[in-house]
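This report refers to the structure that appears directly beneath it.
The values are calculated or read from the model by the stated rules, or taken from the named source; none is laboratory data. Just so it is clear, the structure is predicted and the values come from calculations on it, not from any experiment. For accessibility, only protein heavy atoms count, side chains too; no ligands or nucleic acids. Shrake-Rupley method; radii C 1.70, N 1.55, O 1.52, S 1.80 Å.
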Amino acid sequence: MPDPDQQQHSNGQGAKRWIVVVARGQADLYAHLVQAFSRDGKVRVILDRRKDDSRNSPQVTHRLRTHGAVIIRQAP
């Protein structure tokens, strides 16, 4: 049986993969999301431990501050 994480779409592209970045100070949200996505091989949840937001785009910084997390499509 093929591994669903390795499936190819009809256009030859690999399956979409996602990274959920959770803001510092959101340990409860991080723990919840890690558990919620533990069986989904297409989603990786990470905790943003950086203290310098200058590497983030303004949109990412805004979402981290207002929502506590941001979902980013991972490049193939």
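Summary of values
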read-out: Bins of 5 Å from zero: percent of alpha-carbon pairs in region 20-76; value: 4, 20, 29, 25, 15, 7, 0
read-out: Area accessible to solvent at H62, 1.4 Å probe radius, in Å²; value: 110 Å²
read-out: Net lengthening on full extension, D53/R24 (0.36 nm per residue, minus Cα-Cα); value: 9.3 nm
read-out: Accessible surface ranking that places the most exposed of D40, D28 first, with a 1.4 angstrom probe; value: D28, D40
read-out: Segment V34-H62, extension gain: residue separation times 0.36 nm, minus the distance between their alpha carbons; value: 7.9 nm
read-out: Under 5 Å, built H, 5+ apart or other chain: amide partners of A69; value: A23
read-out: Accessible area, probe 1.4 Å, largest first, for residues K16, K51, K42; value: K51, K16, K42
